Amino acid sequence: MQQTSFSRKPKAESQKPKIMIVAGEPSGDLHASHVARQLKALCPDITLFGMGGDQMAAASVKLDLHIRDSAVMGFADVVTVLPMFLRKQAYLKQRIREEHPDVLLLVDFAEFNMPLAKFARRQDVSVVYYIPPKAWAWRAKRARKLAKWADVVAAIFPFEAEFYRNAGANAEFVGHPLVDFARTPLTKHEAREHLNLCETEDDQEAPVIGLMPGSRRSEIRHILPVMLEAAANVAQVYPNAQWVLPLAPGISRERIAECQQELSNVEIPPIEIVEEMTYTAMRASTLLLVTSGTATLEATCIGTPMIILFRTVALNWHIIKALTPLNRSGLPNLIAGRDIVPELLQTELTPTALTALALDFLQNPQKREEQREALQAVYAQLGTAGAAERTAELILDAAESL
């Protein structure tokens, strides 16, 4: 399926579209900010407002609500913040009634945004949904609902656009936003030098293992301790191995240190903690231990072999298993339709199991190369750069069609 392409006429000066944008997590805030900048570039007099974070604010979006404390990991976490979510939804519905925007742009965050799509439809407000619910993976009925509520579904995978079209939606493949910025010009050697990971000739041959425990506090709590224990075990076999942990937004060095202190009986190897250098750390790594989520697709773009991890509280896990008829969790595997990256999920994720898998990959270069080739095939399905601009064009077209 081809990506949508556009050839638009400039909007008349007298027309000043008003766009409401709703993003609920750091990743959505980032992607929405790119779209907001493109909207401003295409239509400088446009009015942008809604819910988001610092990235959207920096992109000239007037924030009615900030996303602080909105990010949650699973169903049990949702229960604890449900009253806050309902208050935010009610406020945003009021803003839709008051402002009646030309377009409501919803970005990811399906459980929160789907009811807003339904409400906006009832208010005769055009809806564009960017990064729609992964109904192709689970809870397929959401696709039929969104087909009724959204004027346009801006899909980030070609098969996703086809899936939503089959459900009756007006869906366009805009490409995946990660293609635009999940990259680095550095070679592996240059990345290691940049991170001070290869100060001697011996260091050049030493494996570098990247630790990516996630961007939510609950992920740090449930997954990082297993990573650290496995790191201690691997260090017994590879004492010259080097370790790097790129901090996710919202996660502090102090939180990582607390987790390390809680494992005072474990001989954890020295770990280089870096900030705002995620893709450099990915490029520098021989192998990544990465929590299931967007980071696995970022690693796909960079082309670094990985092991995907996931663990949550028991209640979350039981609900997920009840609702999700899937045997795999990682986005690269879901896109490929087969297991190209090993996964350790919930009870399978133990220090012993992770140690064994990590050693297997470190000791078998051919296995890493086979995964790298499979990741390249997945990357090819993500489209070309320009997802934010194509999405902005769709939004302006929807505004002009009123």
Low-density loop positions, trypsin sites (Lys or Arg not before Pro), segment 293-402 - DSSP coil, at most 11 other Cβ in 10 Å: ARG338
Calculated FRET efficiency for the pair ARG97/GLU276, C-beta based, R₀ 35 Å, to 0.05: 0.30
What ratio of Cα Rg to 2.2 N^0.38 Å holds for segment 181-382? 0.97
Within 10 Å of each candidate Cβ there may be at most 16 other Cβ atoms; applying that plus a DSSP loop requirement, which trypsin sites (Lys or Arg not before Pro) in segment 128-178 survive? ARG139
Using a 10 Å cut-off around each Cβ, can you sort THR355, THR304, THR384 from fewest to most neighbouring Cβ atoms? THR384, THR355, THR304
Listing SER33, SER401 by rising number of other beta-carbon atoms within 10 angstrom, fewest first, gives SER401, SER33
Which one of TRP149, MET282, ALA36 has its Cα pushed farthest toward the positive end of the charge dipole of the chain, where Lys and Arg give +1 and Asp and Glu give -1 at the Cβ? TRP149
Square roots of five times the C-alpha gyration tensor eigenvalues of segment 34-167, ordered largest first and given in whole Å, equal 22, 20, 15
With N residues in the chain, Rg(alpha-carbon) / (2.2 N^0.38 Å) equals 1.01
For segment 204-320, what percent of Cα pairs sit more than 24 Å apart? 21
Extension gain ASP54-SER264, at 0.36 nm per residue separation less the Cα-Cα distance, in nm? 72.0 nm
Which of LEU362, LEU106, LEU224 moves the most in a Gaussian network model of the chain with Cα springs under 10 Å? LEU362
Efficiency of FRET between ASN166 and ARG122 - r from beta-carbon atoms, R0 25 angstrom, step 0.05: 0.50
Can you give the calculated 222 nm mean residue ellipticity of the chain, where each DSSP H run of n ≥ 4 adds -39,500 (n - 2.57) and the sum is split over every residue, rounded to the nearest 500 deg cm²/dmol? -15000 deg cm²/dmol
Using amide H atoms built in the peptide plane, which far-off residues or other-chain residues are under 5 Å from VAL103 H to H? LYS18, MET20
Would you mind giving the average projected area, over all directions, of the Cα convex hull of segment 150-223 in nm² with one decimal? 8.6
So which of LYS40/LYS188; LYS40/LYS141; LYS62/LYS141; LYS16/LYS148; LYS16/LYS141; LYS18/LYS118 end up more than 31 Å apart, counting from Cα to Cα? LYS40/LYS188; LYS40/LYS141; LYS62/LYS141; LYS16/LYS141
Just LEU345, LEU86, LEU297 to compare: in a GNM of the chain, with alpha carbon springs under 10 Å, which one fluctuates most? LEU86
Applying the Karplus parametrisation 6.51 cos²θ - 1.76 cosθ + 1.60 with θ = phi - 60° to the phi angles of segment 125-136, what ³J(HN,Hα) value in whole Hz is obtained for each residue in order, glycine and proline being reported as x? 9, 5, 10, 10, 10, 9, 6, x, x, 7, 5, 5
Residue with peak Gaussian network fluctuation, the chain [Cα springs, cutoff 10 Å], from ILE251, ILE131, ILE223: ILE251
So for ASP180, ASP29, ASP339, ASP102, fewest C-beta neighbours within 10 Å to most, what's the order? ASP339, ASP180, ASP102, ASP29
Simple spin-label model, 7 Å along Cα-to-Cβ: THR187 to SER401 in nm? 5.0
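Just so you know, all these numbers are worked out from the coordinates, no wet-lab data involved. All figures in this text were calculated on a predicted structure; none of them were measured in a lab. A quick note on method: Cβ atoms are made from the backbone with ideal geometry, for glycine too, and the neighbour counts reach across all protein chains shown.
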